[in-house]
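The block underneath contains the structure these notes are about, expressed in C-alpha cells.
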Amino acid sequence: MFKEFRDFAMRGNVIDMAIGIIIGVAFNSIVQSLVKDIIMPPIGLLIRNVDFSNLFIVLRGGTPGASYVTLAEAQQAGAVSLNYGPFINTIISYIIIAFAVFLLVKGINRIKKREEKLPAKPTTKKCPYCFSNIPIKAKRCAFCTSTLEE
C-alpha cells in the first residue's frame, strides 16, 4: 500500500498541483499587499479618507457606551461586530486575482494558437527511386531496398 501511495504522490500531476498551490499562496500574499498597501489608500482618499479595513458595525458587547475607532479596538474589547470593510478588501483582492488569471490564460491561449498555425515538421520523405513514403531518418527504402543518400 505504501508503494501505491508513493507512486500516486510522485505522479507528475500531483507534483504540478503541489507546485501550483505553493505558487498560489505566494501570489496571494503579493495580491493582499497590493490591495492593502497600493490600491486601497487611493480609493480611501477618493471617498473621504475611508479605511476599508476598519469599516465595521458593533452588534453587541464590548465596553458599555464605548465608541471604537478601529476594528482592533472593538475586537480587543470583546465586541461582536459585523466586519464589512475587510470583506470589501477581500472582494477587491478576488477581482484582481481573477483578472490576473484571465490575462495569464489569455496569453497562454495566444501562444497555443500560434503553435497550431506553425506547419508540422515532416516525418516522412519520398524515396527518390520508387517514390514511396518512408520515414525521414531511413537510410534504406523499405519498398525498393535502395540505399538512400543523406
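A short reminder: the numbers here are calculations on the coordinates, not readings from a lab. Given the structure is predicted, the values throughout are model-derived calculations rather than measurements. So basically every Cβ, Gly included, is an ideal-geometry build from the backbone, and we count neighbours across all protein chains shown.
Once the C-beta distance of Ile96 and Phe5 is scaled by a Förster radius of 35 Å, the resulting FRET efficiency is 0.40 to the nearest 0.05. GNM remark for the chain: springs join alpha carbons under 10 Å apart, and the peak mean-square fluctuation among Asn83, Asn28, Asn13 falls on Asn13. The ranking of Val80, Val31 by Cβ neighbour count inside 10 Å, starting from the fewest, reads Val80, Val31. Across Ile108, Ile39, Ile134, mean-square fluctuation computed from a Gaussian network of the chain (C-alpha pairs under 10 Å connected) peaks at Ile134. Take the Cβ atoms of Arg140 and Ala120, set R0 to 22 Å, and the FRET efficiency comes out at 0.30.
Close amide-amide hydrogen proximity is noted between Ala79 and Gly62, each under 5 Å apart and 5 or more residues distant or on a separate chain (H modeled in the peptide plane; Pro and chain starts excluded).
Relative contact order, percent, of the chain when contacts are C-alpha pairs under 8 Å separated by at least 6 residues?
In percent, rounded to a whole number, it is 13.
The amide H of Ser132, built 1.01 Å from its N in the peptide plane, has Cys127 as neighbours under 5 Å, considering only residues 5 or more places off or on other chains.
Annotation: average projected area of the stretch 13-150 is 15.7 square nanometres, based on the convex hull of Cα atoms across all directions.
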